[in-house]
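The values are calculated or read from the model by the stated rules, or taken from the named source; none is laboratory data. Note that the structure is predicted; figures quoted are calculated from it, not measured. Quick reminder, even Gly has a Cβ in these numbers, built from the backbone with ideal geometry, and neighbours come from all protein chains shown. The accessibility values were calculated without ligands, DNA or RNA, using every heavy atom of the protein model including side chains. Shrake-Rupley method; radii C 1.70, N 1.55, O 1.52, S 1.80 Å.
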Amino acid sequence: MATAKAIVITEAGKSAAILDVPRPRIRDEWMIVRTKAVGLNPTDWKHIYLPPLASDNVGARVGSDYAGVVDEVGAKVTEFAKGDRVAGFSHGCNRLNHEIGAFGEYILVKASAAFKIPDDVSFEQAAMTGSQLYTCALGLYQSLQLPLPNEPAKEPFPVLIQGGSTGTGMLAIQLAKQSGLTVVTTASPANFDYLKWLGADAVFDYRSPTCGKDINEYTSNDLQYAWDCAGGEEICATALSSTKPSKYGWIAWPNNLELLKANPLIQDPMVVCAYDIFNEKYVEAGMEFNPPKETLEFSVMFKEIYVQLLEKKVLKPMHIDLNRNGSGLEGVMNGLNLLREGKVSCAKLVYSL
């Protein structure tokens, strides 16, 4: 049996290692990709080390974001062919499907969550945004229902991206700007200029005790949309309008009681999980999820919009921290520890394989 190296969870909540594993078997709607670069996300290390996400994941392959070359396509794949340069998103650390995960030499990926890399975009650049692309699609556009980037608002209105220096926040700023909105975000002062270069109209210090109040004043108490990429319920609740109904979304699970206590005009808080785009049952933190097909269809639609933005070169390159502390899968292992230790800010760790 042919084997390839991959990062695999070896002990729940404690460790992962580079192992020789069976090369993935092709499936009808999937592809096998020879990996050239991978991007690291907080979800990767959290599913190794952080309970309850890390429970019962032993044997699962790790990794979400990848770029590489198609080696084999499934019988029902028509969009791609062997030799195509592709990037996308993988549901790594999947306790129901141990064979998938981006951190390996040969990986099994679902074609619907992949896109062709434009000729002038490197593998390393393309590996940055797989999970962020789909998280933004579901959070900003399916949940908050903001104007799509290809159908921008006729008149700008404000949106708050809480946590602008996160990987998801940096892409969200750019997408919201393409949607014709006034983009307000939060970050450390050291990252203000960079986020304004990406497109933010105003940046506020999330550590300031008056951050939410300052945003509310900046938006003249008219802010009705907030998307939280970093766990800032109090900031968002204070920033959102105190006189108009508003929408709040997060990429994790907010404290709804505290949120609504601080601002009772917030409509039902919305949580998104990019894993929903695969339209396959999964288990997360001990709970079973069965995503609707509509989410898959929405993600495929938005993927085309994103590729068009890449081709038009209207998205600015985000900071890449390339091969920090090594390259290859060994470098990835070091990068996971850097993320776990909180040593990465306003950049995405990317490793060449």
- Tell me what the chain gives for mean residue ellipticity at 222 nm when only DSSP H runs of n ≥ 4 count, each as -39,500 (n - 2.57), the sum divided by the residue total, rounded to 500 deg cm²/dmol. -7500 deg cm²/dmol
- Item | Straight-distance crosslink candidates among aspartates and glutamates, where the alpha carbon sits under 15 Å from K76 and sequence neighbours closer than 8 are dropped | D28, E29
- Distance check, please: which entries in K177/K247; K36/K110; K116/K247 exceed 24 angstrom between their Cα atoms? K116/K247
- Using unit Cβ charges (K, R positive; D, E negative) and no other charged atoms, how large, in debye to the nearest 20, is the dipole of the chain about its Cα centre? 420 debye
- Message: Explain nothing, just compute: Karplus ³J(HN,Hα) = 6.51 cos²θ - 1.76 cosθ + 1.60, θ = phi - 60°, for every residue of segment 159-174 in order, whole Hz, x for Gly and Pro.
- Response: 9, 9, 9, 6, x, x, 8, 6, x, 5, x, 5, 6, 4, 4, 5
- Taking only the alpha carbons of the chain, the radius of gyration and the largest Cα-Cα distance, Dmax, both in angstrom, are 19.6, 65
- Rounded to the nearest 10 Å², what accessible area does D214 show when all protein chains are kept and the probe is 1.4 Å? 50 Å²
- Applying the Karplus parametrisation 6.51 cos²θ - 1.76 cosθ + 1.60 with θ = phi - 60° to the phi angles of segment 332-339, what ³J(HN,Hα) value in whole Hz is obtained for each residue in order, glycine and proline being reported as x? 4, 4, 5, x, 4, 5, 4, 5
- Would you kindly work out the equivalent ellipsoid of segment 212-275 from its C-alpha gyration tensor and give its semi-axes, the square roots of five times the eigenvalues, largest first in whole Å? 19, 12, 10
- Note on the structure: Heads up, segment 186-318 by the C-alpha gyration tensor (a ≥ b ≥ c square roots of eigenvalues; a/c under 1.5 rounded, else a/b over b/c prolate, else oblate) looks oblate
- Message: Spelling out what I want: for every residue of segment 69-81, take phi, set θ = phi - 60°, compute 6.51 cos²θ - 1.76 cosθ + 1.60 (Karplus), and round to whole Hz; glycine and proline get x.
- Response: 10, 5, 9, 7, 10, x, 4, 9, 8, 10, 7, 10, 9
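Hey, any idea what % of the chain's accessible area is carbon plus sulfur with a 1.4 Å probe?
After summing per-atom areas, the C and S share lands at 50 percent.
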- Query: When we measure straight from the Cα of K14, which lysines land under 21 angstrom away, once same-chain ones fewer than 8 places off are left out?
  - Reply: K5, K46, K343
- Note on the structure: Ignoring ligands and nucleic acids, L96 exposes an accessible area, probe 1.4 Å, in Å² to the nearest 10, of 90 Å²
- Tell me, what is the per residue accessible area of the chain in Å², probe radius 1.4 Å? 42 Å²
- Message: Tell me whether segment 1-152 comes out rounded, prolate or oblate; compute the Cα gyration tensor, take square roots of the eigenvalues as a ≥ b ≥ c, and use a/c under 1.5 as the rounded threshold.
- Response: oblate
- Message: Can you give the FRET efficiency to the nearest 0.05 for A252 and K82, using r as the Cβ-Cβ distance and R₀ = 41 Å?
- Response: 0.60
